[in-house]
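Worksheet: one structure, shown below.
The values are calculated or read from the model by the stated rules, or taken from the named source; none is laboratory data. If you're wondering where the values come from, they're calculated on a predicted model, not measured in any experiment. Glycine gets a Cβ as well: all are built from the backbone with ideal geometry, and neighbour counts include every protein chain shown. The accessibility values were calculated without ligands, DNA or RNA, using every heavy atom of the protein model including side chains. Shrake-Rupley method; radii C 1.70, N 1.55, O 1.52, S 1.80 Å.
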Amino acid sequence: MSYKIRLLKDRLSANIFLELSLFSILTVVLIGYGLYYKSSPILQQDTLWHLLSSTEWKPFKNEFGFFSYIIGSLAVTGIAIIIALPLSLLCAIYIAEYAPHRIRQILVPLIDLLSGIPPVVYGVWGVLTIVPYIGDHIAPHFVDYSSGYCALAGGIVLAVMVFPLIVSILLEVFDTVPKELKEASLSLGATEWETTRKVVLKKSVPGIIAATVLGISRAIGETLAVLMVCGNLPMIPHSLFDSVYPLPALIANNYGDMMSIPMYESALMLSALILFVIIFIFNAISRLILYRIENRS
Amino acid sequence: MTFESPHIRVKDLNVHIGGNHILKNINIDIPDKKLTSFIGPSGCGKTTLLKTFNRLLDRNKDVQIDGQVLVDGENIYGKDIEVTSMRQKMGLLSQRPFPLPMSIYDNIAYGPRLHGTTKKKELDVLVEHYLTATGLWDEVKDRLNGSAARLSIGQQQRLCLARGLAVEPEIILGDEPTSALDPISTQKIEELFLQLKDKYTLVLVTHILRQARRLSDYIAFLYMGEIIEFGPTEDILLRPKEKLTQEYVKGYIS
Ligand SMILES: Nc1ncnc2c1ncn2[C@@H]1O[C@H](COP(=O)(O)OP(=O)(O)O)[C@@H](O)[C@H]1O
Ligand SMILES: [Mg+2]
């Protein structure tokens, strides 16, 4: 009797896990379909290419060009990765290859903690420190005027936000490099740094790419913190100190307002769909690379 | 058993890892240009002892090493020792081959490049020389720029040996270097070891008694972190004095 119950439980739980995973896959598919469905009106009105490449954003005149927003998103994301990647690499190399065990045990949870801080806190921090610092001390050296609410501020705040993510992936990647491989290099008379550079980093190139791509997809979707420091003006930035208006901020700022304009909701849904597709593809690529790394012998 | 001028002399070596006493009062002389084998049951400390010779052991956490290891009379745990140049003197073959993540050519050229040989012509000569010395040249000469990972395991191990020889070591440490190999590859590695005895001091960890017998001049029997007996091959395998050694070579303990 009790055996049968155990068997039943076993079967049930196996099924529950299957159903739960199917459910989560289904959710992704449904979101994708929902976004497509909602954005189809505007796709019937204009070609996708026109929507993506036009800078005209005049909802009242029924013109929806996403180009400035896309550039805004790419700009802050690009700046964020350019800042975050070298720092994350150095930090991860230090922790994985040099730090004494005790220091590693302190640093790793601290870095994990960073990724748990709510975005709004980073946003406030950006507004209180980064924005005024750029406006008062950095921008004056380069441009006539900048409020400090600009692409650079967004990039810096984002860099700080993706840093812990990239570091923790890099640490996992470096840990998959076999100890014996490092010992082989060391026993040939290489120093620790030569070994790190020529063997560990080389072996980790796919993982570094994966971490970067994952960082990009995290950065490109980040909304609140960026929205608070970017200035949110839909224009093509000419310097780091111009305001930008990334896609997620566009959606967050406007959804729910101005819904009386016929195509407005559809346009916002299209920008959500664009983000969704970009993030989905980037995530898939990096997961695939990481999966490959973990399974190589 | 001691030698007048051993290549490696271990004096009162004690190793603790994470509070466990792994190597206990090790004293041993490794003779110059001979092959010395460490035998003993798995977990007795053979690998650990070998790794104290090129200071790879102290890279691990919670390792405490007391005592001395003298290489050519110099204590490698002394203050002014240059660890990298000391390690360069010792080639290492591990249990499984670990080719570096680069081409066959670059695997061999890796060490010489680090130590200042950068001219393509000189490197070409070195690569051919050491691949020939390990019997690989004919097998790989058409794919020198191919990835080393695509070689068979046996070829990889010979590549690792060639790579080690290319930095002109004086000592070669082998940690069960044939344990992952098929019989034919094993035989090739064994033949190479026999050839290398003229020029190098070899230290071989093995748990295969017949291999120890075929290759070694001297054998040390380790048990639970202690050297129980050390002597010429025949004495240890055929006329062991200690009871534990007798039991081990007869196969009662393993
Ligand atoms: N890095 C380590 N951490 C903890 N224990 C270790 C470590 N390395 C070796 N040991 C322990 O030291 C003992 C000897 O190991 P080892 O030298 O690998 O034995 P052998 O090579 O003779 O099989 C074993 O009991 C092993 O568990
Ligand atoms: Mg071992």
Q: List the DSSP H helices in chain A whose Cα atoms stretch 27 Å or more along the helix axis and whose mean Kyte-Doolittle hydropathy is at least -0.5.
A: A:2-45, A:67-93, A:151-175, A:264-295
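I need the semi-axes of the equivalent ellipsoid of the stretch A:8-71: take the C-alpha gyration tensor, multiply each eigenvalue by 5, square-root it, list largest first in whole angstrom.
Values: eigenvalues 366, 25, 13 Å².
Equivalent ellipsoid of the stretch A:8-71: 43, 11, 8 Å, largest first.
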Q: Over the whole of B:59-72, what's the average partner chain Cβ count within 10 Å per residue? Rounded to a whole number, please.
A: 1
Q: Take every residue in peptide A:188-196, count the Cβ atoms of other chains within 10 Å of its Cβ, and give the average of those counts.
A: 6
Q. Say the cut-off is 30 Å between C-alpha atoms; which of A:203/B:24; A:179/B:89; A:202/B:120; B:11/B:199; B:119/B:141; B:89/B:141 go over it?
A. A:203/B:24
Q | Between 0 and 90°, nearest 10: helix B:183-196 axis offset from chain B longest Cα axis | A | 80
Q.
Quick check of the Kirkwood formula: for the stretch A:2-45, what is the inverse mean of 1/r over all pairs of different Cα atoms, in Å?
A. 13.0
Q: Could you pull the accessible area for residue B:80 with a 1.4 Å probe, rounded to 10 Å²?
A: 140
**Q.** Cα pair count fraction exceeding 28 Å, expressed as % - chain B
**A.** 34
Q: Write out the chymotrypsin sites (Phe, Trp or Tyr not before Pro) in the stretch A:200-264 meeting two conditions: DSSP loop, and at most 15 other Cβ atoms within 10 Å of their Cβ.
A: A:255
Q.
With +1 assigned to the C-beta of every Lys and Arg and -1 to the C-beta of every Asp and Glu, and no other charges, what is the dipole magnitude of chain B about the Cα centre in debye, to the nearest 20?
A. 460
Q) residue A:284 to residue A:48: FRET efficiency via 1/(1 + (r/R0)^6), r the Cβ-Cβ distance, R0 25 Å, to the nearest 0.05? A) 0.75
Q | Unit charges at the beta carbon, dipole of chain A: most positive-side option, A:209, A:274, A:64 | A | A:209
Q: Over the whole of A:175-187, what's the average partner chain Cβ count within 10 Å per residue? Rounded to a whole number, please.
A: 6
Q: Subtract the Cα-Cα distance of residue B:61 and residue B:252 from 0.36 nm times their separation in residues, and report this length gain in nm to one decimal.
A: 65.3 nm
Q) Any idea what Rg and Dmax come out to for the protein assembly as shown if you just take the C-alpha atoms, in Å? A) 31.6, 102
Q: Kindly provide log₁₀ I(q)/I(0) values, in the same order as q = 0.15, 0.26 Å⁻¹, from the Debye equation applied to equal alpha-carbon scatterers of the stretch A:217-297.
A: -0.67, -1.21
**Q.** residue B:194-residue A:18 pseudo-label distance in nm [points 7 Å out on the Cα-to-Cβ vector]
**A.** 6.0
Q. Want the number for residue A:136 to residue A:99: 0.36 nm per residue separation, take away the alpha-carbon distance, what's left?
A. 9.6 nm
Q. With θ set to phi - 60° and the Karplus curve 6.51 cos²θ - 1.76 cosθ + 1.60, what are the ³J(HN,Hα) couplings of the stretch B:24-35 in order, to the nearest whole Hz, using x for Gly and Pro?
A. 10, 6, 7, 10, 7, 10, 9, x, 5, 6, 10, 9
Q. So what's the angle, to the nearest 10 degrees on a 0 to 90 scale, between helix B:104-114 and the longest Cα principal axis of chain B?
A. 70
Q. Roughly how big is the protein assembly as shown's charge dipole about its Cα centre, with Cβ charges of +1 (Lys, Arg) and -1 (Asp, Glu), in debye to the nearest 20?
A. 1140
Q. Which angle between 0 and 90 degrees, to the nearest 10, do you get for helix B:153-165 versus the longest principal axis of chain B when only C-alpha atoms count?
A. 90
Q) In the stretch B:38-119, which trypsin sites (Lys or Arg not before Pro) are in a loop and have at most 11 other Cβ atoms within 10 Å, using DSSP for the loop call? A) B:61, B:79, B:119
Q. Considering the alpha-carbon set of chain A alone, what are its Rg and its Dmax in angstrom?
A. 23.2, 83
(Q) Just want the answer: with Cβ charges of +1 for Lys and Arg and -1 for Asp and Glu, which residue in B:215, B:101, B:36 is farthest toward the dipole's positive end in chain B? (A) B:101
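Only bridges whose two residues both fall in the protein assembly as shown count here: according to DSSP, what percent of them are antiparallel, nearest 5?
60
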Q) Just in the stretch B:1-71: which chymotrypsin sites (Phe, Trp or Tyr not before Pro) are loop by DSSP and have at most 16 other Cβ atoms within 10 Å? A) B:3
Q: Considering Cα pairs under 8 angstrom that are at least six residues apart, work out the relative contact order of the stretch A:211-277 and quote it in whole percent.
A: 27
Q: Name the residues whose placed amide hydrogens come within less than 5 Å of the amide hydrogen of residue B:229, ignoring near sequence neighbours (fewer than 5 apart) on the same chain.
A: B:221
Q | Label point 7 Å beyond Cα of residue B:208 along Cβ direction - residues of the stretch B:96-135 with amide nitrogen under 15 Å | A | B:96-97
Q.
From the phi angles alone, apply the Karplus equation (6.51, -1.76, 1.60; θ = phi - 60°) to the stretch B:232-248 and give each ³J(HN,Hα) in whole Hz, x where the residue is Gly or Pro.
A. x, 3, 4, 4, 5, 7, 9, 10, x, 8, 7, 5, 4, 4, 4, 5, 5
